[in-house]
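Notes for the one structure printed next.
The values are calculated or read from the model by the stated rules, or taken from the named source; none is laboratory data. Values in this document were obtained by computation on a predicted structure and should not be read as measured data. Cβ placement follows ideal geometry from the backbone for every residue including glycine, while neighbour counts extend to all protein chains displayed.
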Amino acid sequence: MNNRLYGNLIFELSQAGRKGYSLPANSFAHSTDEMPAVLRRQHETALPECDELTVVRHYTNLSHNNFGVNDGFYPLGSCTMKYNPIINEELAAMSTFAGLHPLQPAETCQHALALYYHLQQLLAELTGLSEFTLNPCAGAHGELTGLMVIRAYHESRGDHQRLKVLIPDSAHGTNPASAAVCGLEVVEVKSLPDGTVDVADLQRVIDSIGGENIAAMMMTNPNTLGIFEYAIPEITKIVHDCGGLMYYDGANLNPMLGVCRPGDMGFDVMHINLHKTFSTPHGGGGPGSGPVGVRQGLEQFLPVPRVVLRDDDMYDIVTDGNKTLGSIGAFFGNFGVMIKAYVYILSLGRENIKMVGPLATLNANYIKEVLKDVYELPISGLCKHEFVFDGLKDKSTGVTTMDVAKRLLDYGYHAPTIYFPLLFHESLMIEPTENESKETLDSFIDVMRRIAEEAKTNPELVKSAPHLTPIGRVDDVLAAKHPVTTFRAMQSNA
Ligand SMILES: *Cc1c(COP(=O)(O)O)cnc(C)c1O
């Protein structure tokens with residue numbers, strides 16, 4: 001790949017006069033004269049001039065620089081990068097789905113509305129909540145929608161002062177961001193040394209700000225450390241007793257699937273990331289889907305449009321409602337993601353889906369237990385679908401989590417999540433998902449051990465990794481402070 005031709009930008013491959021097409025001569029004499037001069041280009045375009053084969057090779061080679069679940073193991077904690085079965089893509093690409101127009105009349109797309117409606121029902125069944133909207137286009141978008149439902153609920157009762165949202169310090173960064181975008185104020189709740197919510201601190205915080213000002217508490221379970229929050233019944237009671245609602249961040253519902261349900265734990269509102277738990281590939285910004293579920297009594301606040309089943313067994317689209325918070329985006333959300341999630345759920349079926357959580361949990365615990373003699377395990381005990389190491393156990397080598405992550409690239413693995421959560425200095429967060437075989441986990445474990453060994457015997461090798469990728473170690477700070485994003489900027493830098 002370090003070939004002179006293919007490491008270049010398409011602009012550098014340009015040769016004056018080279019073309020990728022040949023059109024027959026223009027047989028309409030003077031046709032260009034018909035275009036008014038003001039509309040005509042005044043000078044040459046600065047587009048690259050290349051032949052077709054060069055263009056095809058250029059982009060094919062660039063595509064090989066990508067890494068996805070279909071290339072190799074992708075243990076990116078908190079992101080649930082699970083395998084997307086081929087049947088998902090086949091069905092989502094069917095022209096009867098892919099060719100739909102969002103404005104087409106309900107009677108012409110009953111099959112799509114049926115899928116939409118049925119998926120809402122399946123999600124309600126899997127989570128123990130009453131009704132879902134599939135409209136939000138990402139996890140964070142779901143959080144915002146869910147908080148808007150909570151706000152609308154409090155306002156409908158004249159509780160306009162309920163503007164505080166309690167969020168544990170271990171939460172995903174989108175939680176406080178969504179609360180702020182919704183016009184609510186974030187109040188942090190501390191964690192105990194074992195990583196779970198400190199209930200005594202929660203009580204202290206509520207006493208100091210006043211229970212009558214609490215809009216909601218947002219919780220992630222298992223939390224971002226992969227730990228199950230055992231005090232949920234107690235926490236739910238405290239928050240409900242002061243009139244607040246409980247919000248469940250179910251972005252990674254994976255370990256709970258078929259094991260337990262947020263609705264049964266007393267949560268009022270939640271979101272799920274279909275693009276994590278239900279297999280749609282993501283990363284690079286999309287596409288996503290963050291359905292929001294609510295308990296009975298909150299349905300009327302959900303956004304529109306909604307898909308409903310009429311008495312005559314026809315599906316219909318409802319675009320208004322008395323108390324609805326209105327529209328939160330374009331049309332119905334990312335329908336392609338919903339198809340994949342639906343196919344994923346149905347291909348597993350009611351019995352097999354119960355294995356998702358236990359297998360994801362088993363895989364994570366296996367890696368954790370086998371590697372904890374060489375990597376620092378700050379929180380011991382059973383984890384759920386993911387866990388966090390605090391860097392290498394032997395800190396004397398000077399090899400950091402960043403170095404380990406970079407060295408993994410040389411061995412053909414995607415790096416785990418690093419420096420998140422913020423509770424530890426050298427966080428390295430691993431999530432294998434339920435799809436991986438024992439052989440895959442064992443080879444990853446071997447490589448992690450080898451890197452720990454290299455850190456002792458040849459630390460410079462690890463510190464200067466990666467050595468085998470098209471681009472070596474980049475200067476993160478320089479890249480952030482002086483990004484070179486155009487060809488011209490690159491030329492003037494040279
Ligand atoms: C991924 C994630 C989110 C955000 O989801 P996006 O689709 O990226 O907006 C929120 N909370 C948790 C716990 C997550 O893991």
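Here are the numbers for the structure shown:
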item	result
Among (1) under 24 Å from the mean Cα position of the chain (by Cα); (2) surrounded by fewer than 22 Cβ atoms within 10 Å (Cβ to Cβ); (3) away from the ligand (no atom under 16 Å from the Cβ); (4) over 18 Å from residue 252 (Cβ atoms), the one test that residue 182 misses	(3)
Restricting segment 357-382 to residues that are in contact with a Ser or Thr (Cβ under 8 Å, 6 or more places away or on another chain) and buried (at least 17 other Cβ atoms within 10 Å of the Cβ), the residue that is nearest to residue 256 (Cα to Cα)	360
Tally, over segment 474-492, of residues that are among the small types (Gly, Ala, Ser) and surrounded by 10 or more Cβ atoms within 10 Å (Cβ to Cβ)	2
Members of segment 367-401 that are assigned to a loop (DSSP other than H, G, I, E, B) and of a type in the set (Val, Ile, Thr)	374, 379, 399, 400
Close pairs (9 angstrom Cβ cut-off, 6 or more residues apart or separate chains): over 23 Å from residue 288 (Cα atoms) and at pLDDT below 95 in segment 250-277, of a type in the set (A, V, I, L, M) and away from the ligand (no atom under 13 Å from the Cβ) anywhere	259/356
Criterion violated by residue 22 - all others in (1) within 35 Å of the chain's Cα centre (by Cα); (2) surrounded by fewer than 10 Cβ atoms within 10 Å (Cβ to Cβ); (3) not hydrophobic (A, V, I, L, M, F, W, C) satisfied	(1)
Some residue of segment 238-246 being closer than 27 Å to residue 357 by Cα and touching a strand residue (DSSP E or B) at 6+ places or on another chain (Cβ under 9 Å)	yes
Matching strands (runs of 3 or more DSSP E) fully within segment 236-317 where at least 3 residues are more than 16 Å from the ligand (Cβ to nearest atom)	306-309
Matching residues in segment 240-255 - criterion: being surrounded by fewer than 23 Cβ atoms within 10 Å (Cβ to Cβ) and out of contact with any helix residue (DSSP H, G or I) (no Cβ under 6 Å at 6 or more places or on another chain)	240, 241, 243
Members of segment 128-174 found to be within 16 Å of the ligand (Cβ to nearest atom), part of a helix (DSSP H, G or I) and surrounded by fewer than 24 Cβ atoms within 10 Å (Cβ to Cβ), listed by number	140, 141, 144, 148, 174
Qualifying position, being within 16 Å of the ligand (Cβ to nearest atom) and not small (Gly, Ala, Ser), among 91, 113, 76, 103	76
Restricting segment 205-235 to residues that are of a type in the set (A, V, I, L, M, F, W, C) and part of a loop (DSSP other than H, G, I, E, B), the residue that is farthest from residue 272 (Cα to Cα)	231
Only one of 461, 409, 468 that is at pLDDT 95 or above and under 21 Å from residue 73 (Cα atoms)	409
Test set (1) aliphatic (A, V, I, L, M); (2) within 23 Å of residue 261 (Cβ to Cβ); (3) out of contact with any strand residue (DSSP E or B) (no Cβ under 6 Å at 6 or more places or on another chain) - residue 150 fails condition number	(3)
Options 426, 453; residue that is among the charged types (D, E, K, R) and buried (at least 16 other Cβ atoms within 10 Å of the Cβ)	426
One residue from 220, 224 being within 15 Å of the ligand (Cβ to nearest atom), among the polar types (S, T, N, Q), closer than 21 Å to residue 266 by Cα and out of contact with any helix residue (DSSP H, G or I) (no Cβ under 9 Å at 6 or more places or on another chain)	224
Residues (of a type in the set (A, V, I, L, M), over 22 Å from residue 158 (Cα atoms) and crowded, with 20+ Cβ neighbours inside 10 Å) located in segment 266-324	270, 272, 274, 292, 307
Residue tally, condition within 19 Å of residue 163 (Cβ to Cβ) and either touching a residue at least 60 places away in the same chain (Cβ under 8 Å) or touching a Pro at 6+ places or on another chain (Cβ under 7 Å) (or both), over segment 191-218	3
